[in-house]
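Please read the structure below before turning to the comments.
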Amino acid sequence: MTEVETYSSVTLEIVNELKSIVGDNYVMVDEETLSNYAHDETENLHFPPEVVVKPRTTEEISRIMKLCNEQLIPVTPRGAGTGLSGGALAHRGGVLLSTERLNSILKIDERNHQVTTEPGVITEVLMNEVKKVGLFYPPDPSSRGSCFIGGNIAENSGGPKAVKYGVVKDYVLNLEVVLPNGEVIWTGANVLKNSTGYNLTQLMVGSEGTLGIVTKIVLKLIPLPKYDLLMLVPFRNLEQAGEAVSEIFRAGFVPSGLELMEIDALQIVSKMVDSTAVPVTEDTAAHLIIEVDGNDMDVLMKDMEAIGELLTKYDIGELYFADDAQQKAELWKLRRRVAEAVKLIGYTIEEDTVVPRAELPALIRGAKALGKEYNFKVVCYGHAGDGNLHIRICKEGTPNSYGNEEMNSCLTALFQLVHQLGGTISGEHGIGLIQKGFMHIVMKEANLKLMREIKKAFDPNHILNPGKIFDLKND
Ligand code: LAC
Ligand code: ZN
């Protein structure tokens, strides 16, 4: 199967057909709307679609897909547009299908600890709704206040809680999906165990909107832990901060958050949000943010004390404890807004590398060395407990890695290192558009061939989010 080279254009006739499906108000072709939907949070990329469509129901999405499949028009599904790998960019034009109107939480099933929701619900809204009945949906990406749960499923998102509670895939039980030909299926059943055939549910999770459009989601919930404690540990040496991470686990602790923030990242975000919450001493290189949670406060206090004690063998500064809910919220706000802050001042290129956690110091060392070799600034932060390091790159005059040769050779070197360390390209942001050129570094052609065949089985005409994760032709 080769890449589809020519898709059909969106003609006036197609626009009118789309209007007859979703209503005149929800089909847009004006410049301003097309431009608003031409970007997500990925680098400075801009690819306007030919038309933006905002359906409300599964049925409408099914009809749109049928039409586009027959007419060979590419469809790019989009949630809130907070993605960092270009998955929601309509780089082949065509229809941009927004899920923003599928925004209802359909049912919170307290008896079974499950929630059924539509994909356009903001993740934090869902978390707060289930919290009201004492339940917990843990995967909380930094963008949880604006990202959609559907996008989280497309990317198999993680976030700070993943270190103890796992990522999105660990909570998805069943999905209603519109296939590229318009057919509607449920991928599984609303059960905690399922050995009934291939696991289509998990195949959809992390498939970046290339196999189908998720229209209903059944998630597993767990009881909400009663307490948490938060501590900040300043390190004078960045690599040592990386070393301490695996030591904490080897000593038998499983924090509910273990994040790393290089000092530059902290300073940049503190300035952006005008916060002095974290004292920044000159000799600090990085902070570890350590959170523990559970139902017994005494145990948590003892654990935190023991972790603090364990870390005294490193070159650390004074430990800082967040005393109350407000201080905790302030600290998490700083951490959650790092990506936005560093992007604003020119760190536009973001990598989402992940290695086995004990290899974190080697990854940090390698990233810094590449910065010197290729002459760019680099700042690191992220989910250290998962070995998932966000590496932000600032190179003057080069806002995008996509389509940039020099940046591509640098990233090739980075991903070769990551692969040598036993890691891979993306921990939670996906491959999307910008990283597909590097897939061969971390997997064989046989793997890519299988992926292409799976894509073909779902989408023989290659109309759904084409050119994401991999190109269809052998390249
Ligand atoms: C974060 C996003 C960028 O961890 O994944 O802040
Ligand atoms: Zn992250």
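The values are calculated or read from the model by the stated rules, or taken from the named source; none is laboratory data. Because the structure is predicted, anything quoted here is derived from the model rather than measured. Backbone-built Cβ (ideal geometry, glycine too); neighbour counts: all protein chains shown. Please note that ligands, DNA and RNA were not included when accessible areas were found on the heavy atoms of the full protein model with its side chains. Shrake-Rupley method; radii C 1.70, N 1.55, O 1.52, S 1.80 Å.
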Residue count, the stretch 380-402 (criterion: more than 19 Å from the chain's Cα centre (by Cα) and not acidic (Asp, Glu)): 5
Can you name every residue in the stretch 154-209 that is farther than 18 Å from Val75 by Cα, within 16 Å of ligand 2 (Cβ to nearest atom) and part of a helix (DSSP H, G or I)? Ala162, Val163, Lys164, Tyr165, Val168, Lys169
If I ask for residues that are part of a helix (DSSP H, G or I) and of a type in the set (S, T, N, Q), which ones from the stretch 124-153 would you list? Asn128, Asn152
With respect to Pro55, is the statement that it is more than 27 Å from Glu176 (Cβ to Cβ) and either outside any loop (DSSP other than H, G, I, E, B) or not assigned by TED's automatic domain parsing to the domain that holds Leu179 (or both) true? no
Is there any pair with a first residue in the stretch 443-464 that is within 23 Å of Pro77 (Cα to Cα) and a second that is part of a helix (DSSP H, G or I) whose Cβ atoms are under 6 Å apart and which are 6 or more apart or on different chains, and what are they? Asn461/Asn69; Ile463/Cys68; Ile463/Asn69
Cβ-Cβ distance below 6 Å, separation of 6 or more or different chains: which pairs start in the stretch 270-295 with a residue that is under 16 Å from Lys328 (Cβ atoms) and modelled with pLDDT of 95 or more and end on one that is open to solvent by 20 Å² or more (accessible area, probe 1.4 Å) and not basic (Lys, Arg)? Glu291/Asp228; Val292/Leu229; Val292/Asp303; Asp293/Pro225; Asp293/Asp228; Gly294/Pro225
For the stretch 69-79, state whether one or more residues are in a loop (DSSP other than H, G, I, E, B), touching a residue at least 40 places away in the same chain (Cβ under 8 Å) and touching a Cys at 6+ places or on another chain (Cβ under 8 Å). yes
Residue list for the stretch 304-326, filter: assigned to a helix (DSSP H, G or I) and either open to solvent by less than 50 Å² (accessible area, probe 1.4 Å) or in contact with a Leu (Cβ under 8 Å, 6 or more places away or on another chain) (or both): Met304, Ala306, Ile307, Gly308, Leu310, Leu311
Every residue in the stretch 211-234 that is part of a loop (DSSP other than H, G, I, E, B) and crowded, with 24+ Cβ neighbours inside 10 Å, please. Gly212
Reported set for the stretch 101-123 where residues are touching a residue at least 12 places away in the same chain (Cβ under 8 Å), assigned to a loop (DSSP other than H, G, I, E, B) and open to solvent by 60 Å² or more (accessible area, probe 1.4 Å) is Asn103, Glu110, Asn112, His113
Scan (1) without any contact (Cβ under 8 Å) to a residue 60 or more places away in the chain; (2) assigned by TED's automatic domain parsing to the domain that holds Asp264 for the single condition Ala362 breaks and write down its number. (2)
Glu453 vs. criteria within 16 Å of ligand 1 (Cβ to nearest atom), acidic (Asp, Glu) and either assigned to a strand (DSSP E or B) or out of contact with any Pro (no Cβ under 6 Å at 6 or more places or on another chain) (or both): no
Would the stretch 5-19 turn up any residue that is charged (D, E, K, R), open to solvent by 20 Å² or more (accessible area, probe 1.4 Å) and at pLDDT below 95? yes
